[in-house]
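**Student:** Let me begin by handing over the structure; questions about it come next.
Read-outs: derived from the displayed coordinates by stated rules, not from any lab. Source: prediction; values computed, not measured. Quick reminder, even Gly has a Cβ in these numbers, built from the backbone with ideal geometry, and neighbours come from all protein chains shown.
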Amino acid sequence: MSIRVRFAPSPTGHIHVGNARTALFNYLFAKNMGGKFILRIEDTDLERSTVESENLIYEDLKWLGLDWDEGPIKGGEFGPYRQTERFDIYKKYVDKLLEEGKAYKCFCSKEELEVMKEKALKEGKPPRYNGKCRNLTEEQIQQLENKGLKPSIRFKVEQEEVEVNDIIRGNITFKTDAFGDFIIVRPDGTPVYNFVVVIDDALMKISHVIRGDDHLSNTPKQVLIYNALGFEIPNFAHIPMILGPDHSKLSKRHGDTSVNQFREKGYLPEALFNYLALLSWSHPEEKEILSKEELIKSFTLDRVSKSAAVFDFEKLKWMNGIYIRNKDLVELTKLCIPYLINSGLVSNDYIQENFEKLVKMVESIRDNLEVLSEVSDYLKVYFCMNTDFDDSAKEILGYDTTKSVLVSFKNFVENIDELNEDNYKIAIKEVQKEVKVKGKKLFMAIRVGVSGTTKGPELDKLVVNLGKEEVIKRINQVLNLMGE
């Protein structure tokens, strides 16, 4: 079998992480099996679909590393890949179903349908269509159309049950009396999702339909259409939904939910790729940090759980921190630059003139970073001295040895040509010997003396990156404040 899977988003905005996980599972399955990953744009919702949103989808997928083999932009032999460009194809199959008596025109108004629904509910029955227009004659249809009435097209459901074989959930039997004859074309001529998705998947030779389990209830209707048109039914795999930390469906109230929001916060695409792959899927050896290549090699649908996955924001942040620490330092610095500029901490001119110095600064705080957007807060210490001492800094300044440590350290720095790592180590030893202190009273005194705070970059890197003149200036400032 030729493995072909598809991701078919609606262009209404940035991709939600739930849809991104669906795209990712399709991508991993296709690549693992040597198959094709197809992108199809489902834009039949004309009111909500926009070209701008379509471009956002491309942007999100490319950033995440999900490159499609066929689809818009790239093309392919089974196009077009936008549903609005396939209406002629859909009409052909609608006409076929009408001609064969497998579908019919329905002239019932919204008001009539609402009355039917309420009546069924009162009687304790499923709120389905009662078949009023099922047996209209050609003459009756013509009379109604002559009055200017626009019909919807309904699929005629003849079976009592539909069996769906799902790779993840096994065999499931659906009773058709739960939905009855269903609409496949609206009165305005727009075909509905359950109809067009079958036509598209069949003609694009999709072998496996891997999608969220919120589509499971649509599947029996689609199977009926496959059978009615004589199409081969694909393999279905319905993956569980993603829940928020409170175990309700993941939504905006839980925080960031779109790929773009994670990107803007400073999550690396490799980290989000890795994390999403672990939502309802596990590695055979229970590994958690996995490259794209490792995920492709290991991914199989039989390791996808039936249980919903809980989106753990803290775990994603932890994982992102690991990817940050393993990132090439120069590349990491370049990724940090937009955040530094947006915060007003540096300018483009500063970066051009001090890029190597900036790399060293980023190196000194890399282990503290969990997301790139934190970089400005961590690097602020290099650009301005904090003199609004908090309680922990005041405690250090209150030690009876702090002033002696700062004076001794400053005197040593003033008498060297350059403040580098070697000279810093020598200075520490000299101060230790002269003032006879060590540990917290030594190192924290110097940290507060050069930064005004008890937290920040690794002390040796902080001092060296600040440079001789800045260190002297800052210590003098703190000594003056202590004197006051």
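**Student:** Past 23 Å, Cα to Cα: identify those pairs from LYS119/LYS147; LYS74/LYS306; LYS410/LYS438; LYS334/LYS360, in the order given.
**Tutor:** Numbers: LYS119/LYS147 28 Å; LYS74/LYS306 34 Å; LYS410/LYS438 17 Å; LYS334/LYS360 12 Å.
Table pairs above 23 Å Cα-Cα are LYS119/LYS147; LYS74/LYS306.
**Student:** Give me the angle, in degrees from 0 to 90, between the Cα long axis of helix 87-99 and the longest principal axis of the Cα atoms of the chain, rounded to the nearest 10.
**Tutor:** 30
**Student:** For the stretch 327-380, what is the convex hull (Cα atoms) projected area averaged across all directions, in square nanometres?
**Tutor:** Details: hull surface 12.8 nm².
Over every viewing direction, the Cα hull of the stretch 327-380 projects on average to 3.2 nm².
**Student:** Let me ask another. Could you grab the relative contact order for the chain? Cα pairs under 8 Å, six or more apart, rounded to a whole percent.
**Tutor:** The value is 12 percent.
**Student:** In vacuo Debye scattering of the chain, one point per C-alpha: log10 I(q)/I(0) at q = 0.09 Å⁻¹?
**Tutor:** Values returned for q = 0.09 Å⁻¹ are -0.76.
**Student:** With charges only on Cβ, +1 for K and R and -1 for D and E, what is the dipole size of the stretch 327-380 about its Cα centre, in debye, rounded to 20? Write down the numbers at each step before the final one.
**Tutor:** Numbers: 6 positive and 10 negative charges, 11 e Å.
Charge dipole of the stretch 327-380: 60 debye, to the nearest 20.
**Student:** I would also like to ask the following. Out of all DSSP beta bridges with both ends in the stretch 86-239, state the antiparallel percent to the nearest 5.
**Tutor:** On the way: 14 of 20 bridges.
DSSP beta bridges in the stretch 86-239 are roughly 70 percent antiparallel.
**Student:** What value in Å³ per residue do you get for the convex hull of the alpha-carbon atoms in the stretch 1-45?
**Tutor:** Values: hull volume 2.9 nm³, N = 45.
Cα convex hull per residue, to the nearest whole number: 65 Å³.
**Student:** Something else about it: Using per-residue counts of other Cβ atoms within 10 Å, averaged over each peptide, order 417-424, 368-375, 129-136 from highest down. Let's see the in-between values first.
**Tutor:** Details: 417-424: 14.0, 368-375: 20.4, 129-136: 15.6.
My ranking of the peptides, most packed first, is 368-375, 129-136, 417-424.
**Student:** Kirkwood Rh and Cα-based Rg: tell me the resulting Rg over Rh for the stretch 357-403, rounded to two decimals.
**Tutor:** 1.09
**Student:** Name the cysteines of the chain that stand alone by the Cβ rule: no other cysteine Cβ under 4.7 angstrom.
**Tutor:** Isolated Cys, the chain: CYS108, CYS336, CYS384.
**Student:** Report, to the nearest 10°, how far helix 17-32 tilts away from the longest principal axis of the Cα atoms in the chain, using its own Cα long axis and a range of 0 to 90°.
**Tutor:** Approximately 80 degrees, to the nearest 10.
**Student:** Mind checking which lysines have their C-alpha under 19 Å from LYS252, skipping anything on the same chain fewer than 8 residues away?
**Tutor:** Answer for LYS252, where 19 Å is the Cα cut-off: LYS265, LYS315, LYS317, listed by chain and number.
**Student:** Would you kindly give the portion of the calculated P(r) for the stretch 212-321 that falls above 25 Å, as a percent of all Cα pairs? Before the final figure, lay out each step's value.
**Tutor:** Values: 2026 of 5995 pairs.
Result for the distance tail: 34 percent.
**Student:** Among 244-251, 449-456, how do they line up from the highest to the lowest mean number of other beta-carbon atoms within 10 Å? Kindly include the intermediate steps, with their values, before the conclusion.
**Tutor:** Values: 244-251: 13.2, 449-456: 21.1.
The peptides rank, most packed first, as 449-456, 244-251.
**Student:** Arrange the following residues from fewest to most other Cβ atoms within 10 Å of their Cβ: TRP68, TRP318. Mind showing how you got there, number by number?
**Tutor:** Details: TRP68 24, TRP318 14.
The most exposed by this proxy come first: TRP318, TRP68.
**Student:** Take every Cα-Cα distance within the stretch 276-381, group them into 10 Å bins from 0 onward, and report for each bin the whole-number percent of pairs it holds.
**Tutor:** Bins of 10 Å from zero give 13, 36, 24, 18, 8, 1 percent of pairs.
**Student:** Another question, then. Kindly rank 193-206, 170-183 from highest to lowest mean number of other beta carbons found within 10 Å of each residue. Could the numbers behind the result be given before it?
**Tutor:** On the way: 193-206: 20.9, 170-183: 15.1.
In descending order of packing, they fall as 193-206, 170-183.
**Student:** With viscosity set to 1.306 mPa s and temperature to 10 °C, compute the Stokes-Einstein D of the stretch 114-170, Rh being the Kirkwood radius across alpha carbon pairs; µm²/s, no decimals. Present the calculation step by step, with values, prior to reporting the outcome.
**Tutor:** Details: Rh = 14.7 Å.
In µm²/s, the coefficient rounds to 108.
**Student:** Report the Rg/Rh value for the stretch 391-483, based on alpha-carbon coordinates and the Kirkwood definition of Rh. Before the final figure, lay out the partial values.
**Tutor:** On the way: Rg = 11.7 Å, Rh = 12.8 Å.
Rounded to two decimals, Rg over Rh is 0.91.
**Student:** Using every pair of alpha-carbon atoms in the stretch 92-215, split the distances into 10 Å bins beginning at 0 and state the percent of pairs per bin, rounded to integers.
**Tutor:** 11, 35, 36, 15, 3
**Student:** Straight distance only, please: which aspartates and glutamates reach the Cα of LYS156 with their own Cα at less than 18 Å, same-chain residues fewer than 8 apart left out?
**Tutor:** Cross-link targets: ASP95, GLU99, GLU100, GLU138, ASP177, ASP181.
**Student:** Would you give the gap between the C-alpha center of the stretch 303-317 and the C-alpha center of the stretch 360-421, rounded to a whole Å?
**Tutor:** Value for the Cα centre distance between the two parts: 39 Å.
**Student:** Taking the Cβ of CYS106 as the center, what net charge do the other residues with Cβ under 9 Å away carry, scoring Lys and Arg +1 and Asp and Glu -1?
**Tutor:** Counting the neighbours of CYS106, the net charge comes to +3.
**Student:** Determine the gain in length on full extension of the stretch VAL359-ARG186; use 0.36 nm per residue of separation and subtract their C-alpha separation, reporting nm with one decimal. Write out the running numbers ahead of the final one.
**Tutor:** Numbers: separation 173, 0.36 × 173 = 62.28 nm, distance 5.92 nm.
Taking 0.36 nm per residue and subtracting the Cα distance, the gain is 56.4 nm.
**Student:** Taking every pair of Cα atoms in the stretch 63-138, average 1/r, invert it to obtain the Kirkwood radius, and report Rg/Rh to two decimals. All intermediate terms of the calculation are to be shown ahead of the outcome.
**Tutor:** On the way: Rg = 20.1 Å, Rh = 16.5 Å.
That ratio is 1.21, to two decimals.
**Student:** Now for a separate question. Quick one: of the DSSP bridges fully inside the chain, what percent are antiparallel, nearest 5? Could you put the intermediate results ahead of the total?
**Tutor:** Numbers: 18 of 33 bridges.
In the chain, DSSP labels about 55 percent of beta bridges as antiparallel.
**Student:** Within straight cross-link reach of LYS175, meaning Cα distance under 15 Å, which aspartates and glutamates are found once same-chain residues fewer than 8 apart are removed?
**Tutor:** GLU158, GLU160, GLU161, GLU163
**Student:** What shape does the stretch 29-93 have by the C-alpha gyration tensor, where a ≥ b ≥ c are the square roots of the eigenvalues, rounded means a/c under 1.5, and otherwise prolate means a/b greater than b/c and oblate the rest? List each step's numbers first, then the result.
**Tutor:** Numbers: a/c = 2.58, a/b = 1.27, b/c = 2.03.
It is oblate, given that a/c is not under 1.5 and a/b is not larger than b/c.
**Student:** Could you put LEU121, LEU24 in order, starting from the residue whose Cβ has the fewest other Cβ atoms within 10 Å? Before the final figure, lay out the partial values.
**Tutor:** Details: LEU121 11, LEU24 25.
The order, fewest Cβ neighbours first, is LEU121, LEU24.
**Student:** Helix 51-64: angle to the longest alpha-carbon principal axis of the chain, degrees 0 to 90, nearest 10?
**Tutor:** 50
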